[in-house]
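Scroll down for the structure; my scribbles are underneath it.
The values are calculated or read from the model by the stated rules, or taken from the named source; none is laboratory data. Remember, it's a predicted structure, so these values are computed and weren't measured experimentally. Cβ placement follows ideal geometry from the backbone for every residue including glycine, while neighbour counts extend to all protein chains displayed. Please note that ligands, DNA and RNA were not included when accessible areas were found on the heavy atoms of the full protein model with its side chains. Shrake-Rupley method; radii C 1.70, N 1.55, O 1.52, S 1.80 Å.
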Amino acid sequence: MDSEDDLHYSTDDDCDFYSGDMDMGMAYYSDEDDPEAEDFVDDDTDDYFESRRREQNFTILNEFDIRQRQEDDITRISSVLSISRVASIVLLRHFNWSVTKVHDEWFADETRVRKLVGLLEEPVVHASNAREVRNHTCGICFESHPVSRIKSAACGHPFCASCWEGYISTSINDGPGCLMLRCPVPSCGAVVGEDMVNSLVSNEDREKYDRYLLRSYVEDNKKTKWCPAPGCEHAVLFDAGNGNYDVSCFCSYGFCWNCTEEAHRPVDCATVEKWILKNSAESENMNWILANSKPCPKCKRPIEKNQGCMHMTCTPPCKFEFCWLCLGAWSDHGERTGGFYACNRYEVAKQDGAYDEAEKRREMARNSLERYTHYYERWASNQTSRQKALTDLNQMQNVHIEKLSDIHCTPESQLKFITEAWLQIIECRRVLKWTYAYGYYLPEQEHAKRQFFEYLQGEAESGLERLHQCAEKELLQFLNAEGPSKEFNDFRTKLAGLTSVTRNYFENLVRALENGLSDVNSHGVSSGTSSKSTAGSSKAGRSGRAKGGIIRTSSSTRNDDNATHWSCEHCTYVNARSATICEMCHQRH
């Protein structure tokens, strides 16, 4: 018997992969026949989101958040080390905004750190008495200026304000390197701080400097990165705690923290890098050329056969005429060798082994191209389907939910099962897309793993197609209805059930791939397949519904459920005991 912990709605197994608000299951919905169901669902939903907040290992930061955190770090360093704000910025900037690193290095050897970052305790050049010297010569333009126009960094090297302004402004326009600006004297390492920059440059350059300083807090910090989505200005603070590197920004873009490519769990970053490189490289063009063309015997340029006869003529300026089959000169061909229609010389030469190597190379190229095309087409098709699903979800949230609510006299809060289904479709399309990249690089010789992988992938894809069809097509009749329909409650049960079943399939698939398909034993049989149905059945049982309301499964009620329901071995859907065919996959019990 399963323990009560195993049957709780917010177990770790339910939340180990899907992020956001995608894993509520059927406990999310209420039933008109159960007056207490709505309160129960709301409490459960609150618990779910609280659980997700605790598990989330990243924080999305806007510009205000970034500035606030940056100021907090500057203030902390300034307070603990008893130094100025400008000096604190210099230290944090040098040590990549790591407060801990600054503390460790400063207290270990303050003198060394000061010299390293350019924070001098005493000036190198002492200024002359202003009463004795009214003018001073600038070390850059060598012109005499009033003392009031002479400026210097902590080192004391004097330069006029105009030369300082030109020096700093040029550095700012050159890029973020201005944050590490030093004294113009080549042998001097004194830092030029933020206070001196702000006092000398224009407002435009001051804003640029401030923007560079803000961006450095994200770009130099090992725990933060900008969201790579075009136009997004959010940053992500990441805590690598649970091994999950998928991040979802407020702009709805999901990406991998490690490689900043789009989110690709459960496929590792190395596989994704190889796949993207292969898609963008010229390797497949060369494979196509090898598989579908032959080199001209004279100029060696690849020739594609576009007509039926074997008499080939190379393009100008070559114009060499040759036989497509044997690549011999056409002048050597006549009635004796078959002329335009056949070449006996080729068959004889092939028997002698003269063309084996070239044919093998072409055959290998053809097979490689066909294999790549198989996986790429399915990868791209799922990407297209996902983009379409995102558009459909947006339309559903902005238009159709309100329309359904009016037609069927149902509160919008009770129609969230539709949004839940579309979110599940979007996530599953992403996962399924990357499983084809995984399958392409799965070694051919590991037959048992490949069979297990294709079985799990096939089951997941089949479940996803049923869910997508239900959400996309079967919903239309209720959108176009003129009034409330009695069948709408049945549709809600079916769609929510398919959502839960599909989630189970993809959890099994993701878990298996992340474990390297280790469930496959030496005999090529999956040791985890038998337990998969059991796990799926318990999950489906948790989210199953009866006419009277939500089934609140526990260890004390499991025996009663077994007496009145049965779990499908194919899709794990919980059916009524009287049913002989599964309502989800239509398989016979």
Which of the residues spanning the stretch 454-487 are open to solvent by less than 40 Å² (accessible area, probe 1.4 Å) and under 30 Å from GLU514 (Cβ atoms)? LEU456, GLN457, GLY458, ALA460, GLY463, LEU464, LEU467, HIS468, CYS470, ALA471
So, LEU498, is that one modelled with pLDDT of 85 or more, surrounded by 13 or more Cβ atoms within 10 Å (Cβ to Cβ), within 33 Å of the chain's Cα centre (by Cα) and assigned to a loop (DSSP other than H, G, I, E, B) or not? no
Single residue of the stretch 237-260 satisfying the filter (part of a strand (DSSP E or B) and touching an Asp or Glu at 6+ places or on another chain (Cβ under 7 Å)) that is farthest from ASN394 (Cα to Cα): CYS256
Filtered residue count, the stretch 316-331, keeping only those that are open to solvent by 50 Å² or more (accessible area, probe 1.4 Å) and not in a loop (DSSP other than H, G, I, E, B): 2
The condition of being closer than 12 Å to TYR217 by Cβ, touching a residue at least 12 places away in the same chain (Cβ under 8 Å) and either in a loop (DSSP other than H, G, I, E, B) or in contact with a strand residue (DSSP E or B) (Cβ under 7 Å, 6 or more places away or on another chain) (or both) holds, among ILE66, ILE74, only for ILE66
Search result, residues across the stretch 134-150 that are loosely packed, with under 14 Cβ neighbours inside 10 Å and not hydroxyl-bearing (Ser, Thr, Tyr): ARG134, ASN135, CYS141, PHE142, GLU143, PRO146
Just checking, does the stretch 89-97 include any residue being assigned to a helix (DSSP H, G or I) and aromatic (Phe, Trp, Tyr)? no
Every residue from the stretch 439-452 that is assigned to a helix (DSSP H, G or I) and either more than 22 Å from the chain's Cα centre (by Cα) or more than 14 Å from TYR375 (Cα to Cα) (or both): HIS447, ALA448, LYS449, ARG450, GLN451, PHE452
Members of the stretch 206-224 that are part of a helix (DSSP H, G or I) and of a type in the set (S, T, N, Q): SER216
I'd like to verify a number: residues in the stretch 443-492 that are free of Cβ contacts under 8 Å to residues at least 12 places away in the same chain and aliphatic (A, V, I, L, M), how many? 1
Does TYR372 fit the bill of being of a type in the set (Ser, Thr, Tyr), open to solvent by 80 Å² or more (accessible area, probe 1.4 Å) and in a helix (DSSP H, G or I)? no
Can you tell me which residue within the stretch 98-128, out of those that are under 21 Å from LEU213 (Cβ atoms) and either of a type in the set (S, T, N, Q) or in a loop (DSSP other than H, G, I, E, B) (or both), is most open to solvent (accessible area, probe 1.4 Å)? THR100
Of (1) assigned to a loop (DSSP other than H, G, I, E, B); (2) modelled with pLDDT of 75 or more, MET396 fails just (1)
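Okay, residues lined up against (1) in contact with a Lys or Arg (Cβ under 8 Å, 6 or more places away or on another chain); (2) under 30 Å from HIS157 (Cα atoms):
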site: PRO186; (1), (2): no, yes
site: GLY189; (1), (2): yes, yes
site: LYS222; (1), (2): no, no
site: CYS227; (1), (2): no, no
site: CYS232; (1), (2): no, no
site: ALA235; (1), (2): yes, no
site: ASP239; (1), (2): yes, no
site: GLU261; (1), (2): no, no
site: ILE276; (1), (2): no, no
Within the stretch 407-453, restricting attention to residues that are of a type in the set (Asp, Glu) and at pLDDT 90 or above, which residue is most open to solvent (accessible area, probe 1.4 Å)? GLU427
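Out of curiosity, is GLU402 over 30 Å from GLU514 (Cα atoms) and in a helix (DSSP H, G or I)?
yes
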Hey, any hits in the stretch 229-236 for a residue that's part of a strand (DSSP E or B), closer than 30 Å to ARG429 by Cα and touching a Gly at 6+ places or on another chain (Cβ under 7 Å)? no
Pull up the stretch 163-201, narrow it to residues that are open to solvent by 50 Å² or more (accessible area, probe 1.4 Å) and among the small types (Gly, Ala, Ser), then point me to the one that is nearest to ILE140 (Cα to Cα). SER187
